[in-house]
Each structure stands twice: as C-alpha cells, then as structure tokens.
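Below you'll find the structure, written out as structure tokens, and then a few comments.
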Amino acid sequence: MDLEELDDIPYKEPLIIHNYLDESCDNLQDLDDDDNAKEPVVTEQHVKEMKTSFGHKTIGSIGSISLLLGNSTGPAMVGLALQFQHGGWLLTLMGFLLILTTSSLAGLFMIESMAAIPRNPRFQLRVEFTMLCRFYFGKWGYIIAQIFINISLQATNIASIIVCSQVMDSMLIFLFKKTCGLAMYPSVEWVCETVQSESSSPFTNHYMFFTLGYLIVLVLIIPLGFLNLDDNIIVQIGAVILMFCITGSWIIMFCIHGLHADNMPTIGSPSGVAQIMGNVMFNYAYITTLPSWINEAKPTVKVNKTVWMSGSISTLIFVSIGMFGALSFPHMPSSSDILSVINSSPQANIISKISVYIFPFVVLASSIPVYSIIVRYNLMQNNLMPKWSANLIATVLPWGIAIPLMTGNGLNNISNWSSLFFGSIANFIIPLLIYLRSIQFRKARKHMSRDQIKILKTLITDTVNWEENEELLRFQEDHHTMYKVFKGFVREKSKKIAFVCLIILGILIPLVITTNFVFPSSD
C-alpha cells in the first residue's frame, strides 16, 4: 500500500501516528531504531497549549472572502488612479488581469501542495507556510522561508503602523485642532501641533517617543494581534463592509465631479508604464497568508471559488477606483495619491474628508493583527518558539521599531524595499517552487525521508481538532480525494501551467525591482 491509498483510510486514533505509517513507508522501521525519533508524547498540557495558541476550523465562506479581501487590499490602492493616468488604461488593465491570474494560480498550487502531504488530502493537519517549505525543501528551506515571511510581513506591518499613526495625528488636528506627543530629539519635551504639515507627519521638526495618534492606534489594534486568526474574522468582515462603503462613496463623488476621457490616455508616459507592474503586483501580495487561512477554514469552504472570488472582487475594486479617479481628476501630480486629491477637491464634503482619514485604518489597521498572527503561527509551529516569545516578536516588536521613526519616511522606504524584494519572492516564487517540488514527491509515490516522517509527526501533534475535522469531512462526498486546483487535468498539464506562471513571474519580478531603481516613486 502506498500513501495515496492511505488517504482513503479513516482515522481511528488521532494521536497515534505509527499506525498510519508502518504499512506505507518502507523505511519507517529504520526510524524506530533512532533514539532521537521516538513517537511524540501528547500530554493534556500540550493539547491545552495548542488549543489556545492556534485557531480552529471555524472560518466560513463569508469570513474567508473577507479575510482574503482584507489581505489583498492595501496601501497601494491609493496610487491606482495616478497609475491609470500616468501609465494608461490599456497596459495597466492588462497588468491587473495578468497578475490576478498568476497570483491566484500560485496560491492555489501552493494549497494543493499542502494537500499532497500524507494524511492531509482535505487539510486535516495544520501546515503553516514555513513548515510546508520544511517538508518539501528541508531545514534550509525552512530557514529561508522564516526569513522571507518574517521580513515581508513585519516590514509591511511597521510601515502600516507608521502610516496609521500619522493619519490619526492628522485626524486629531482635523477634529480637535491639536495633537501632541513626547519628543526625544532635539530635546525631550512635550510637543503639540495645530497645523497640518505638507509631509506625512505633523511633527516635522522632532523625533518622537510617541504621539497621541500612535497611542490611540496601539490601544485599538495591538490586542487583536494576541488573538487567533479565527477570532479576528468579525473585524475583517466589518473592515470589508466599511471599505465597500468608502470606495462606493468615492466612485459616486468621482461621477458627480465629472468623468473626462481626455484625463486617462490609452498608453501613458514611459515612466508611468515602467511603474505598472510594481504598482499592480503588490496589490496581490497575500499568498503567504493562505496556509493559515486554510488551516482554520471550515471543510465546507470551497477553496477555488473563494480564492478566485476574492481576487476578482479585489481587482474590480482596484480598477474601479483607478479608472474613475483618473477620469475625474486631470493632471494628477506624480507625488499625489487619491486621498490627497479627494481632500483638496472643492467637491469634497465632510463625509468625503472623513473617509480620507478612515480609509487607511480600514485597509491597513485591519491587516496589522492578521499579519502578526501569521508570523506568530509560523514561529510557534515545530516548537521553534514558545507563545510568549513568538508574541513578542510578531506583535510587540513592530510597534517598538516604529516608535522613533514616525516622523520621517526613511523606515517607510526601507519597508517598501523589503516588501519589494522579500514580499515578491515569498508570495509569487516560493509557492510555485513548492508546487513543482510536490509533484516530484507524488511521482515518487510519496516516499518520505526520515526527516519528513519526523515533520509529519510534528504536524499531527500540532493539530488540535483532528477528530472534529474528520467528523465534518465525513459528510462530504469527496472528502477522501486530494484537493486539486484542476480536477480534470492530468498532473503534467498542471505542472506546465505552474511552470509558465513561474517563468512569467520570474521575468516580471526582476523587471519590477529594476524599474523601481530607474524610475523611483515620488514620496
């Protein structure tokens, strides 16, 4: 019997691993002689820790779509109108369609790689992004994955914290005519500002220990980072509803302001065209979050439908804001974004101005705890860190790093470049490499190495709701079959599609990095 046939055997003893491997892996007996590879002991304390450290399979279809929408809609949205106007509608629209397709396939292929792990045909096990890399690429793959996912998500979080704090300080001036904070340089003193600055922060002449905006954002957001992913779903649903309301009001305002075809060329300037793929690609940098979502999604959630639907809705939002904004406002400066344009528009009423301040919290603040949780999950699985230290790094550290840098753009630039390099590889290249490696694994009839058997045992002991998963899957007709992106395709055809996506993204990513050096975005 091979391990593909083993997937048809129902579970009877969830915490006993050896029973499901001894008939399927001919080298397991060798492992039994290794004193360092004894059967893991699952104590009541371990089960209790796992139940509080990780979420359960409780995220439904609406919550799943909201979560993925929140992860894909980010700060790059505010520059889309400028991109359509400077890059032209034809190439920008083609860029969106290309990246929507390739990124969605990259994510789905990675999810299929999760299902290819023995005993996980319908995602019964908890397999985080880094452990997926560990299973297919070994120890060095695990180390590289930890570096890439931590830098990309943490850099995004740090930049988001800075932006949210600056926007909150600006909103305090707008509402109460004042915001204050404790300066650390050039002297330690309590400083208050009453006038908006042309730069991103009202505190242009000081380096700050903290500001009132920072403290308000911290109090509102940081507690959510200590929860589990499934506990944050209600926040994600609320954020998506607010985002629809805000973007809908903007489109109405654009139409009232007037739409003029002359404002948006078919093909834009060379510098605008050069920025298209960079601005488009990083609206879809959510692929690394998919394993954590799959681990906590209900077995009844349709994976393909959810990924394609959330990606399509996101794309519709991106294109709508970009095209209507570009058609409405002529000659947008290269240093502007849709927020500044709306705020300075004579047609903007009090609701439009308030939406400008609320929007960053909807698209940024709601994703900060999600990224913190995903970093924590990846640090905790495989017993790399205990929960307290993983929380310290994933949830607390970004807020500490952001403290002295809230008044400048230096860290934002560093974060943008970190996301550009580490985020692009983590979200687009690594998932496709994982899938191609999983095909090799399946061709070898899922013969596991000694290290892979150890990893599988770790994954099983980290899965706290195994019996519940099986009970739910029992009512699905296809629960014994492995999840596949293309059910009607043979393995070689899916491999060719993945390889084409890898070639396309492998060409685009160096091109994006190069064009960002040659045509840097204006701050």
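Amide H to amide H distances under 5 Å link Phe209 with Leu182, Ala183, Met184, where only residues 5 or more positions off or on other chains count and H is placed in the peptide plane. Measuring nothing but alpha carbons in the range 242-369 and taking Rh as the Kirkwood radius, the Rg to Rh ratio lands at 1.01. Of the cross-linked pairs Lys57/Lys139; Lys298/Lys443; Lys57/Lys457; Lys57/Lys443; Lys387/Lys454, those separated by over 26 Å at the C-alpha level are Lys57/Lys139; Lys298/Lys443; Lys57/Lys443.
Centroid-to-centroid, using Cα positions, the range 389-403 and the range 265-294 are 28 Å apart.
Name the shape class, rounded, prolate or oblate, that the alpha-carbon gyration tensor gives for the range 256-298, where a ≥ b ≥ c are the square roots of its eigenvalues, rounded holds for a/c under 1.5, and otherwise prolate holds if a/b is larger than b/c and oblate otherwise.
Here the range 256-298 falls in the oblate category.
Take the range 64-118 with all the other protein chains still there, run a 1.4 Å probe, and you get 18 Å² of accessible area per residue.
Taking the Cβ of Phe499 as the center, what net charge do the other residues with Cβ under 14 Å away carry, scoring Lys and Arg +1 and Asp and Glu -1? Once all neighbours under 14 Å are counted, the net charge is +4. A simple rule links phi to the HN-Hα coupling: the Karplus curve 6.51 cos²θ - 1.76 cosθ + 1.60 with θ = phi - 60°, which for the range 485-500 gives 5, 10, 5, x, 9, 6, 4, 5, 5, 4, 4, 5, 4, 5, 5, 4 Hz, with x for Gly and Pro. Extension gain for Phe209-Asp262 works out to 14.3 nm (0.36 nm per residue, less the C-alpha to C-alpha distance).
Residues Thr458, Thr514, sorted by accessible area with the largest first, give Thr514, Thr458 [1.4 Å probe; ligands and nucleic acids excluded]. In whole angstrom, note down how far apart the Cα centers of the range 166-192 and the range 112-161 are. So the separation of the two Cα centres works out to 40 Å.
Within 15 Å, Cβ to Cβ, of Val356, how many net charges do the neighbouring residues add up to if Lys/Arg are +1 and Asp/Glu are -1? Taking every other residue near Val356 into account, the sum is -1. For Ile439, neighbours were defined as the other residues whose beta-carbon sits under 10 Å from its Cβ, and their charges (Lys and Arg +1, Asp and Glu -1) total +3. Which pairs in the list Lys302/Lys495; Lys302/Lys484; Lys302/Lys446 are over 18 Å apart, alpha-carbon to alpha-carbon? Cα-Cα > 18 Å for Lys302/Lys495; Lys302/Lys446; rest within. Surface listing: Asp262, Asp462, Asp231 arranged by accessible area from highest to lowest gives Asp262, Asp231, Asp462, probe 1.4 Å. Ranked from largest to smallest solvent-accessible area, with a 1.4 Å probe on the protein heavy atoms, Asp230, Asp451 come out as Asp451, Asp230.
The values are calculated or read from the model by the stated rules, or taken from the named source; none is laboratory data. Computed from a predicted model, the values in this text were never measured in an experiment. Glycine gets a Cβ as well: all are built from the backbone with ideal geometry, and neighbour counts include every protein chain shown. Just the protein is used for accessible areas: all its heavy atoms, side chains included, with ligands, DNA and RNA removed. Shrake-Rupley method; radii C 1.70, N 1.55, O 1.52, S 1.80 Å.
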